[in-house]
1. Is one or more of the residues making up segment 56-68 of a type outside the set (S, T, N, Q), modelled with pLDDT of 90 or more, surrounded by fewer than 18 Cβ atoms within 10 Å (Cβ to Cβ) and under 17 Å from the mean Cα position of the chain (by Cα)?
2. Within segment 103-111, does at least one residue satisfy the condition of being open to solvent by 50 Å² or more (accessible area, probe 1.4 Å) and in a loop (DSSP other than H, G, I, E, B)?
3. Is it the case that some residue within segment 72-91 is over 12 Å from the mean Cα position of the chain (by Cα), over 30 Å from residue 136 (Cβ atoms) and charged (D, E, K, R)?
4. Of all residues in segment 159-174, count the ones that are over 15 Å from residue 121 (Cβ atoms), out of contact with any helix residue (DSSP H, G or I) (no Cβ under 7 Å at 6 or more places or on another chain) and surrounded by 13 or more Cβ atoms within 10 Å (Cβ to Cβ).
5. Select the helices (runs of 4 or more DSSP H) contained entirely in segment 119-218, then report the ones holding at least 2 residues which are modelled with pLDDT of 85 or more.
6. So residue 73 ticks every box in (1) surrounded by 21 or more Cβ atoms within 10 Å (Cβ to Cβ); (2) farther than 10 Å from residue 60 by Cα; (3) hydrophobic (A, V, I, L, M, F, W, C) but one. Which box is left unticked?
Amino acid sequence: MGFLPNGNGDEHIRSRIRENEIDMRESFGDRFKGWRLGFSVEWDSILKGIVCGVLVVLFSLLQTTIFTKFKPFGAVPDLILPLVVAISMTEREKWGAIVGIAAAFVIESLGGSSVTLLPLLYMPAGYICGILTVHYLRDSVAVRAVYTLVSQAARVIITAIILAATVGDINIIDMLTITLIPEFFAGVIFAPLPHIAAKLCLRSFNKTREERVGTTRS
């Protein structure tokens, strides 16, 4: 009467049920991936974030403890600005901007900035230096020196503007000799410390898996 025999019919039904179960599992897996919104855990990124955080805290404490007692040229050097620049050159603009924002909060919480608005320079400095390193100037000692000089000069300009706006009647010669020039040279002379630290601590993250395995075996 058009019906399949019992044996063949049962096997056909079981086959259809198995196919439907596979389709449902695949569909559920695709939906679950969609629920994650593309988020994936990358252990390298987590470890890199931890290393960057440790560097920020370390140099923030160094700036707010030792260098508040030992002041080269009579000024506390800004170690965080060259650290942000160094990280952005090694890990590019995304990490430079993120570390710049985090460093601004850390140094402000420790009272390590003589002028409150200065940490606002960290994020754009990290982002811009990262972009320049990717598209225009390759990472080298000379380029790092140029970035350090320019970023410290930008810091001096911001300091001068803020002091002129807040203090009011201020002698330009006194501002240059007491604040601006000492801060500039102190920041430039001690900038190699965070640059070297960031280079050494982050270089392993820029190696391929084969290079890391070869280094481990050797």
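1. yes
2. yes
3. Checked segment 72-91: no residue is over 12 Å from the mean Cα position of the chain (by Cα), over 30 Å from residue 136 (Cβ atoms) and charged (D, E, K, R).
4. Of the residues in that region, 1 qualify.
5. On the way: elements: 122-135, 141-167, 181-189, 192-202, 209-217.
Hits in segment 119-218: 122-135, 141-167, 181-189, 192-202.
6. (1)
Residue-by-condition table, conditions (1) in a helix (DSSP H, G or I); (2) surrounded by 19 or more Cβ atoms within 10 Å (Cβ to Cβ); (3) at pLDDT below 90:
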{"position": "3", "(1), (2), (3)": "no, no, yes"}
{"position": "9", "(1), (2), (3)": "yes, no, yes"}
{"position": "16", "(1), (2), (3)": "yes, no, yes"}
{"position": "21", "(1), (2), (3)": "yes, no, yes"}
{"position": "33", "(1), (2), (3)": "yes, no, yes"}
{"position": "44", "(1), (2), (3)": "yes, no, yes"}
{"position": "47", "(1), (2), (3)": "yes, no, no"}
{"position": "87", "(1), (2), (3)": "yes, yes, no"}
{"position": "97", "(1), (2), (3)": "yes, yes, no"}
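The values are calculated or read from the model by the stated rules, or taken from the named source; none is laboratory data. Values in this document were obtained by computation on a predicted structure and should not be read as measured data. Positions of Cβ are generated from backbone atoms using ideal geometry, with glycine treated the same way; all protein chains shown enter the neighbour counts. SASA here: full protein model, heavy atoms, side chains in, ligands and nucleic acids out. Shrake-Rupley method; radii C 1.70, N 1.55, O 1.52, S 1.80 Å.
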